[in-house]
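For reference, the structure discussed in these notes is given below.
The values are calculated or read from the model by the stated rules, or taken from the named source; none is laboratory data. Treat the numbers as computed from the prediction; the structure is a model and nothing was measured. As a convention, Cβ positions derive from the backbone with ideal geometry for all residues, glycine included, and neighbour counts pool all protein chains shown. What goes into the accessible areas is simple: the full protein's heavy atoms, side chains included, and nothing from ligands, DNA or RNA. Shrake-Rupley method; radii C 1.70, N 1.55, O 1.52, S 1.80 Å.
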Amino acid sequence: MTGALTRYRIMATIVGVLLIVLILVGVPLKYLLEEGSSGQDLGEFITTYLGVAHGWLYMIFLLTAFVLSRKAGWELGFTIVTLLCGTIPVLSFWAEHRATRRTRAEHPEAFGPAPTTAVG
């Protein structure tokens with residue numbers, strides 16, 4: 001269980017960061033700057049190459065999320081929302097946090113005791 005959660009968290013973070021760069025940096029540069037400018041060329045590069053990388057890595061993310069969902073016993077609705085959140089910038093980080101919190105709460109035997117915080 002811990003390995004599946006770790007792989008899922010890594011892929012969710014990678015896919016989330018790439019999606020933010022792609023959508024919030026690459027696309028505006030490509031479509032909002034003057035054609036032929038260095039910024040527009042950078043946007044073209046980002047959307048072309050990062051877009052392809054994100055697509056392939058998203059497939060790996062889907063696989064790791066699905067494997068975790070089966071091991072953790074998530075119901076279909078929770079699984080689908082988690083999978084789809086990888087397509088929405090920033091929301092993927094919320095979904096990763098939500099899935100991690102739920103998995104650790106429902107399977108404490110796999111993760112050991114919850115860390116305690118000192119109140120001072």
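Top mean-square fluctuation among LEU84, LEU32, LEU62, Gaussian network model of the chain, C-alpha springs under 10 Å?
Highest fluctuation among the options: LEU32.
Ignoring ligands, DNA and RNA, what accessible area per residue does the chain give at 1.4 Å, in Å²?
That works out to 60 Å² for each residue.
Tell me, what % of the accessible area of the stretch 19-87 is carbon and sulfur with a 1.4 angstrom probe?
74 percent
Multiplying the sequence separation of THR13 and LEU76 by 0.36 nm and subtracting their Cα-Cα distance, what value in nm do you get?
Using 0.36 nm per residue and subtracting the Cα-Cα distance, I get 20.5 nm.
Could you give the length gained on full extension between PHE45 and VAL27, defined as 0.36 nm per residue of separation minus the Cα-Cα distance, in nm?
Gain on extension, PHE45 to VAL27, equals 5.5 nm.
May I ask you to list the trypsin sites (Lys or Arg not before Pro) in the stretch 2-51 that are in a DSSP loop and have at most 14 other Cβ atoms within 10 Å of their Cβ? Provide the component values of the computation, followed by the final result.
On the way: sites: ARG7, ARG9, LYS30; in loops: none.
Counting only loop positions with at most 14 other Cβ atoms within 10 Å, none of the trypsin sites (Lys or Arg not before Pro) in the stretch 2-51 qualifies.
When a/c reaches 1.5 or more, the comparison of a/b and b/c decides; with that in mind, is the stretch 19-84 rounded, prolate or oblate per its Cα gyration tensor?
Working: a/c = 6.04, a/b = 3.23, b/c = 1.87.
Prolate, because a/c is 1.5 or more and a/b exceeds b/c.
Hey, what's the Cα Rg ratio for the chain versus the globular rule of thumb, 2.2 N^0.38 Å?
1.31
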